[in-house]
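Beneath this line is the structure, given in structure tokens, with notes to follow.
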């Protein structure tokens with residue numbers, strides 16, 4: 001059995017999670033460390049103490065925070081905007097694309113549910129078709145398989161391709177740079193869902209070069225919810241418009257996207273403090289710890305239950321085990337099982353339906369301990385024995 005990584009001692013006391021539960025689902029909503037919570041509270045107090053002065057100087061403060069986030073992601077600050085989350089980022093990107101009845105939007109069979117809904121709504125509004133590239137035929141695939149499946153699905157009508165950087169339900173790393181390069185050569189605009197990337201993986205958005213790339217800072221970047229970013233390549237920036245027209249709409253990207261009246265922007269201003277904490281603890285150290293602990297948890301679960309541990313990517317802090325065929329095959333059944341796990345075992349895990357059976361996704365963050373995965377694996381084996 002794989003030996004678990006040594007804990008990061010400085011993580012003790014950094015979080016306010018309920019100690020009575022095992023929080024093995026950081027990938028869904030993230031967790032905000034105490035120092036960032038405090039800074040966020042200070043910013044809110046400042047806003048309430050003198051709202052007029054706070055909003056009067058907000059644009060410059062957002063720009064300063066944006067510049068720090070851009071440096072973390074190796075992105076052009078002029079091409080980066082804060083958003084609430086990836087869902088908003090994808091919606092802005094899709095709304096910026098000139099699409100019509102002769103066009104097609106290509107997604108994959110890994111596409112996150114909310115993103116898929118956004119794609120289908122945009123296609124319905126403009127009369128475009130939605131194509132689906134089947135990357136996960138049989139469940140097992142490599143980066144080469146993913147590239148080939150997506151390129152094979154491109155048709156003369158394909159104008160834009162929307163795909164994950166890290167897939168959500170299946171926790172796999174996509175070869176985004178190769179995909180962006182190959183699709184650009186075919187005249188296809190790229191929209192990359194990087195929800196899980198900031199904080200989990202080292203990334204260079206300048207190096208990837210996607211037309212649109214959007215990620216969340218509140219999942220693995222220790223930022224308050226809801227804090228996301230949208231990166232736009234130079235050729236598209238003048239076309240980008242906010243979903244809601246506000247007073248700064250004529251300022252253009254990125255200000256027009258960020259300035260939405262009296263939205264609470266304090267989470268964005270606090271976001272750099274989460275990234276600084278990652279730097280203080282050691283970004284590479286955090287990533288290695290989390291990836292190794294996620295693999296350890298996956299092995300424990302597979303050994304305790306006899307279920308297959310799906311191939312994972314060594315860089316990722318999420319791993320997946322597939323449930324028996326028919327178990328948690330619908331969203332409602334998967335949610336019910338996740339609730340049962342919480343109530344009976346005191347554990348939070350992500351369970352999602354996938355091609356006729358559920359997937360159990362385990363996350364690892366620096367607040368997790370090896371014994372939490374042992375506790376879950378043993379308890380879940382009991383649930384499986386009683387499953388009918």
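Normalised by the residues of the chain, what does the relative contact order come to in percent, with Cα pairs under 8 Å and at least six apart?
The value is 21 percent.
Need the full-extension length gain, residue 95 to residue 12, defined as separation in residues times 0.36 nm minus the C-alpha distance. One decimal, nm.
Taking 0.36 nm per residue and subtracting the Cα distance, the gain is 25.5 nm.
Could you rank the peptides 311-322, 186-197 by their average count of other C-beta atoms within 10 Å per residue, with the highest value first?
Final packing ranking: 186-197, 311-322.
Starting from the Cα-Cα distance between residue 53 and residue 330, subtract it from 0.36 nm times their residue separation and give me the gain in nm to one decimal.
Difference between extended and current length: 94.7 nm.
Within 10 Å of each residue's Cβ, count the other Cβ atoms and sort 106, 345 from fewest upward.
Ordered from fewest to most neighbouring Cβ atoms within 10 Å, 106, 345 come out as 345, 106.
What residues from segment 273-310 fall in the zone where the backbone N is under 16 Å from a label point 7 Å along the Cα-to-C-beta line of residue 340?
From segment 273-310, the list is 305.
Indicate, rounded to the nearest 5 percent, the antiparallel portion of the DSSP beta bridges found entirely in the chain.
50 percent
Can you compute the modelled spin-label distance between residue 383 and residue 3, with each label point 7 Å from Cα toward Cβ, in nm?
3.1 nm
As a check on your grasp of the helix formula, calculate [θ] at 222 nm for the chain: sum -39500 (n - 2.57) over DSSP H runs of n ≥ 4, divide by the residue count, round to the nearest 500.
The helix contribution divided over the chain gives -13000 deg cm²/dmol.
May I ask you to compute the full-extension gain from residue 288 to residue 262, defined as 0.36 nm times their residue separation minus their alpha-carbon distance, rounded to one decimal in nm?
5.4 nm
For residue 125, put the label point 7 Å out on the Cα→Cβ axis and report which residues of segment 65-99 keep their amide N under 18 Å from it.
Label zone hits: 83-99.
Here, each number is a calculation from the coordinates, and none is a lab measurement. Please read all numbers here as calculations on a predicted model, not as lab measurements. Don't worry about glycine lacking a Cβ; one is built from the backbone with ideal geometry, like all the others, and counts go over all protein chains shown.
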